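For reference, the structure discussed in these notes is given below.
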Amino acid sequence: MAIVRSESIVLRRRDLRETSLLVTFFTRDFGKITGELKGIRQDQKKFASTVEIFSHNDIIFYQSRKSSVHLVSQCDQRENFTPLRHNIAKAAAAQLMCELVDAIMPQEAPHSAVFDWMIDVLRHMVSADRPDKLLTIFKIKMLALSGFKPYLDSCVSCDSKMPGQPRFSLAMGGLLCPRCVHKDPGSRNIFRGTIATILHIEKNDLKGNLNLGMNPQIKKELELVLNSFLNFHLGKDIKSQRIMRTL
């Protein structure tokens, strides 16, 4: 077993036996891993972290070659993002971020750009006036970084530069031009402003995107398109999204 260290974000956790935790970490150097923290529920001082969801930690673990579960020997908290936990809308948004990363990122596939993006957004969420807008930006950029994004640059079928009114196809994962729209009768109209907003967010950093205006019509369609796309291609509903809809 190799002993390795990495920054990590807690995506998910559950009790294991009587005294331990089984935790899904998203690490900067090793991607998404599953780690066992033995005895932490029996002795809280054994680790220098409470290992809460979306907390930022340094972990040391024994990298098993025979199992997908690695033994975590040390977990030291860097940031707990406590202000998020005192605001129900921000806590729900951070929880949804974790659920999305857990659902989209493959096991043990390093992706430092997605890790850095997640940390950056969590830090900005602490002082954000509009956590819903920041969450929308997170979803779009995270899909682009991971490669799990809708195809919006041209027609997903014929690659034409979209003459006329485009339609969005969930089944085909992108835009259809008027000549190809017959290939998916279930496709729907989409505002050009929505397409332009997604492409802008994909290509710019967080600072540039925070200054981007979104009128209510575009914001509503963005949420519809993104959530429908995720649910369709993941094959399941994102549980935390239901909570966000009620806030």
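If you go through the range 52-63 and keep only what is aliphatic (A, V, I, L, M) and surrounded by 21 or more Cβ atoms within 10 Å (Cβ to Cβ), you end up with just Ile59. For Ser127, are the conditions met, namely being farther than 24 Å from Asp29 by Cβ and either open to solvent by 10 Å² or more (accessible area, probe 1.4 Å) or of a type outside the set (Asp, Glu) (or both)? So Ser127 fits the description; yes.
Criterion first (among the polar types (S, T, N, Q), open to solvent by 10 Å² or more (accessible area, probe 1.4 Å) and within 27 Å of Leu96 (Cα to Cα)) does Asn209 satisfy it? No: the conditions fail for Asn209.
Residue count for the range 148-174 under the criterion of being within 23 Å of the chain's Cα centre (by Cα) and either exposed (fewer than 13 other Cβ atoms within 10 Å of the Cβ) or in contact (Cβ under 8 Å) with a residue 40 or more places away in the chain (or both): the result is 9. Scanning the range 180-197 for residues that are open to solvent by less than 60 Å² (accessible area, probe 1.4 Å), closer than 20 Å to Gln217 by Cα and in a loop (DSSP other than H, G, I, E, B) yields Ser187, Ile190.
Residues in the range 76-119 that are under 15 Å from Glu7 (Cβ atoms) and open to solvent by 60 Å² or more (accessible area, probe 1.4 Å): 4 in all.
Pairs linking a residue in the range 175-194 that is without any contact (Cβ under 8 Å) to a residue 40 or more places away in the chain and of a type in the set (A, V, I, L, M) to a residue that is part of a strand (DSSP E or B) and open to solvent by less than 10 Å² (accessible area, probe 1.4 Å), with Cβ atoms under 8 Å and 6 or more positions apart or on different chains, are Leu175/Phe168; Leu175/Ser169; Leu176/Phe168; Leu176/Ser169; Ile190/Phe168; Ile190/Leu175.
In this structure, Asp132 does not satisfy being farther than 20 Å from Lys207 by Cα and acidic (Asp, Glu).
The values are calculated or read from the model by the stated rules, or taken from the named source; none is laboratory data. From a predicted model like this one, the values you see are computed outputs, not experimental measurements. Methodologically, a virtual Cβ is constructed for each residue, glycine included, from the backbone with ideal geometry; neighbour enumeration extends over all protein chains shown. Ligands, DNA and RNA are stripped out before the accessible areas are found, and what is left, the full protein with its side chains, is counted by its heavy atoms. Shrake-Rupley method; radii C 1.70, N 1.55, O 1.52, S 1.80 Å.
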